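Step one of this worksheet: look at the structure below.
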2 protein chains.
Amino acid sequence: MKALGRHILAEYFSCDKGILNDAMALEKFLNGAARAANATVISSSFRTFQPFGVSGIVIIAESHLAIHTWPEYGYAAIDFFTCGDSADPWKAHEYLKNLLKPLYTKEQEVLRGVLDLEHFTYKAQCNLAVEQ
Amino acid sequence: MKALGRHILAEYFSCDKGILNDAMALEKFLNGAARAANATVISSSFRTFQPFGVSGIVIIAESHLAIHTWPEYGYAAIDFFTCGDSADPWKAHEYLKNLLKPLYTKEQEVLRGVLDLEHFTYKAQCNLAVEQ
């Protein structure tokens, strides 16, 4: 059994509220986090909402990083999703945590695409039979 | 206690492999899923990888939808993340499932930003005291 990807869902509490409303800074930080994870940045898109809050996505060759912030609560929801063996999503988390300086965090790692690759051809044939 | 957002992590297994490599179709489907969830689309970005695979993100006013596909395995990892009370991520999931027709799926919902909003001002003051 092998997972195609690792997805860290991180909660950052009690961050600096000014940084959480600064889309330019957050875009720079998330791109840096992608590089810290040894990921390849494809594109990034960040947007500030009114009255406050930022949403940003960095698409990487290995999946994506995402951040959504609620400056009024000092809170950010952050995703670090990487596939393959070369990128490490925990390094992106450590990098970003050092910049956003939350007072406390919660993290959970979810394995994505847990497939029995060894028997995949056989299973695919079974599925084909079911579909016919 | 209130969660700022709901995040469904969905695994679609044994989908049609052709569709999973069709970035234009997937972008149309994900945008439709956002509307089905009663979300407001801000932007979307999709990319095809070589030799196969698509990554796509739809940023919505209520957070984001994301898809990463492995056509060679008939597998897609999909995220439906919405904040607020007006959008329903499960409706996006149902909409997309009907289009991608996986033979089976796995889903888990993760609450993001579970905050004690009633006492938030008090807690923020405590955090300030810690920081000083």
*Go through segment B:71-86 and count every residue that is over 19 Å from B:ASP22 (Cβ atoms) and among the hydrophobic types (A, V, I, L, M, F, W, C).*
3
*Among (1) free of Cβ contacts under 8 Å to residues at least 12 places away in the same chain; (2) buried (at least 23 other Cβ atoms within 10 Å of the Cβ), where does A:ASP85 come up short?*
(2)
*asked:* Looking at segment A:70-82, can you tell me whether even one residue there is surrounded by fewer than 16 Cβ atoms within 10 Å (Cβ to Cβ) and over 20 Å from B:PHE80 (Cβ atoms)?
replied: yes
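Check whether at least one residue in segment B:59-76 is acidic (Asp, Glu) and within 17 Å of A:ALA77 (Cβ to Cβ), and report yes or no.
There is at least one residue in segment B:59-76 that is acidic (Asp, Glu) and within 17 Å of A:ALA77 (Cβ to Cβ).
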*Within segment B:7-29, which residues are more than 11 Å from chain A (Cβ to nearest Cβ), in contact with a helix residue (DSSP H, G or I) (Cβ under 7 Å, 6 or more places away or on another chain) and farther than 14 Å from B:TRP70 by Cβ?*
B:ILE8, B:ALA25, B:PHE29
*Among B:GLY5, B:GLY32, B:GLY53, B:GLY113, which is the only one that is over 18 Å from A:ALA76 (Cα atoms), touching a His at 6+ places or on another chain (Cβ under 9 Å) and surrounded by fewer than 23 Cβ atoms within 10 Å (Cβ to Cβ)?*
B:GLY53
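Every number here is computed from the coordinates shown, using simple stated rules; none is lab data. Everything numeric here is computed off the predicted structure, so don't read it as measured data. Here Cβ is always computed from backbone atoms with ideal geometry, including for glycine, and neighbour counts include all displayed protein chains.
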